[in-house]
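Step one of this worksheet: look at the structure below.
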Amino acid sequence: MDITVGDDIVFGRDQALGGILNLYEGTLTVGGTNTYTGPSEVRAGTSYVNGIHDESDGFVSNYTVSSGATLAGTGTIESVVIVIGGGVLAPGANLGTLLIEFGVTFEDHGIFRAEIDTTNATTPAASQLDSNGDVVIGTGVTLDVSDLATVPNVLAPGKVITIIDYGTNS
């Protein structure tokens, strides 16, 4: 069974639990504009953020992705994301962009999973991590790239596919 939250999630800083903790082995998909302010942890399964996690009140909390868990989606996370060793950050959902406002840290042995589509070798598409903060990459981080094309094309030498864009101008 998968769980989808299409509506907004709203908690205040004074709430006892304030964040989201995903212990569920399946898929949790969160859409809408979510203004809860506590830390979020993905400890199991896959969590898709396809809406906006809004930290506009200035209280920035972290998203932590534990070993064996995946954070994915095409939304906006106005937080810092920390990928623990064995945890996976996978922007998009069959391509698409995940925007993380305040930076990403891949701790040692974290995993970055990207999808590309070389169906059109002239203009290949890719899922992308877009961060307005720094992207810190620890030792032994794995880059896992898969091609969604039914019949993959060979790209011309020198062809660039951007899967991570970071800094204040991203």
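The values are calculated or read from the model by the stated rules, or taken from the named source; none is laboratory data. Given the structure is predicted, the values throughout are model-derived calculations rather than measurements. So basically every Cβ, Gly included, is an ideal-geometry build from the backbone, and we count neighbours across all protein chains shown. Remember, those area values only see protein heavy atoms, side chains included, never the ligands or the DNA or RNA. Shrake-Rupley method; radii C 1.70, N 1.55, O 1.52, S 1.80 Å.
Listed values, structure above:
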quantity	calculated
Single condition LEU129 does not satisfy, out of (1) touching a residue at least 40 places away in the same chain (Cβ under 8 Å); (2) surrounded by fewer than 16 Cβ atoms within 10 Å (Cβ to Cβ)	(2)
Qualifying position, being touching a Phe, Trp or Tyr at 6+ places or on another chain (Cβ under 8 Å), under 30 Å from VAL154 (Cβ atoms) and not basic (Lys, Arg), among THR97, THR142, THR35	THR142
Options GLY73, GLY92, GLY96; residue that is within 14 Å of GLN128 (Cα to Cα) and touching a Leu at 6+ places or on another chain (Cβ under 6 Å)	GLY73
Residue within segment 105-121 that is more than 29 Å from LEU155 (Cα to Cα) and in contact with a strand residue (DSSP E or B) (Cβ under 9 Å, 6 or more places away or on another chain) present	yes
Top-ranked residue of segment 75-100 - restricted to ones that are open to solvent by less than 10 Å² (accessible area, probe 1.4 Å) and among the small types (Gly, Ala, Ser), ranked as farthest from GLU115 (Cα to Cα)	SER79
ASP134 of a type in the set (D, E, K, R), over 21 Å from GLY45 (Cα atoms) and buried (at least 18 other Cβ atoms within 10 Å of the Cβ)	no
Selection count where residues are part of a strand (DSSP E or B) and not charged (D, E, K, R), scope segment 137-147	5
Qualifying residues in segment 41-63 (those that are among the small types (Gly, Ala, Ser) and farther than 15 Å from GLY75 by Cα) - the one modelled with the lowest pLDDT	GLY58
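Residue by residue, here is whether (1) open to solvent by less than 80 Å² (accessible area, probe 1.4 Å); (2) out of contact with any Ser or Thr (no Cβ under 7 Å at 6 or more places or on another chain); (3) among the acidic types (Asp, Glu); (4) free of Cβ contacts under 8 Å to residues at least 24 places away in the same chain holds:
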{"site": "THR119", "(1), (2), (3), (4)": "no, yes, no, no"}
{"site": "THR139", "(1), (2), (3), (4)": "no, yes, no, no"}
{"site": "VAL145", "(1), (2), (3), (4)": "yes, yes, no, no"}
{"site": "PRO157", "(1), (2), (3), (4)": "no, yes, no, yes"}
{"site": "ILE161", "(1), (2), (3), (4)": "yes, yes, no, no"}
